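The values are calculated or read from the model by the stated rules, or taken from the named source; none is laboratory data. Fair warning: this is a prediction, and the values are worked out from it, not measured in the lab. Cβ coordinates were reconstructed from backbone atoms using ideal geometry, including for glycine residues, and neighbour counts include every protein chain displayed.
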Amino acid sequence: MNTPSASDITELAGTARLRLTDQENLTIERHMGDIFTHFASLEHVDVQGLAANPYAAELETVVRPDDLEPSTGPLPRGRRIVEAASVHVDGMFRVPRILGMTGNAR
């Protein structure tokens, strides 16, 4: 595995629209070299008998059934929610205009 050169780092930085100083370029080149050296050392790890697994740990679903339960909160249910709003028009909440939008706002 080849470590990236100074020109590789400069090209990658340019792609990300970053301007690196010569010192930053050297530092990143050294750090990337350390990372690539570590990756290369992983080639020597004995993985015989291990099944391929794309995840570090077994995945378990945490989705539960969506059961309907009675409301215990302070908000009223149904039509009364709209009636409880400070301003409502035709059964809808009226909210402040945002982002300078224009149009048929009531």
### Message
I need every pair where a residue in segment 8-24 that is within 21 Å of Phe36 (Cα to Cα) has its Cβ under 8 Å from the Cβ of a residue that is of a type in the set (Lys, Arg) and assigned to a loop (DSSP other than H, G, I, E, B), sequence separation at least 6 or different chains.
### Response
Ala13/Arg19
### Task
Please go through segment 1-34 and pick out each residue that is β-branched (Val, Ile, Thr), assigned to a helix (DSSP H, G or I) and surrounded by 12 or more Cβ atoms within 10 Å (Cβ to Cβ).
Ile9, Thr10, Thr27, Ile28
### Message
Can you tell me which of (1) surrounded by 10 or more Cβ atoms within 10 Å (Cβ to Cβ); (2) at pLDDT 90 or above is the one Val82 doesn't meet?
### Response
(2)
### Message
modelled with pLDDT under 75, surrounded by fewer than 10 Cβ atoms within 10 Å (Cβ to Cβ) and in a loop (DSSP other than H, G, I, E, B): is that true of Pro96 in this structure?
### Response
yes
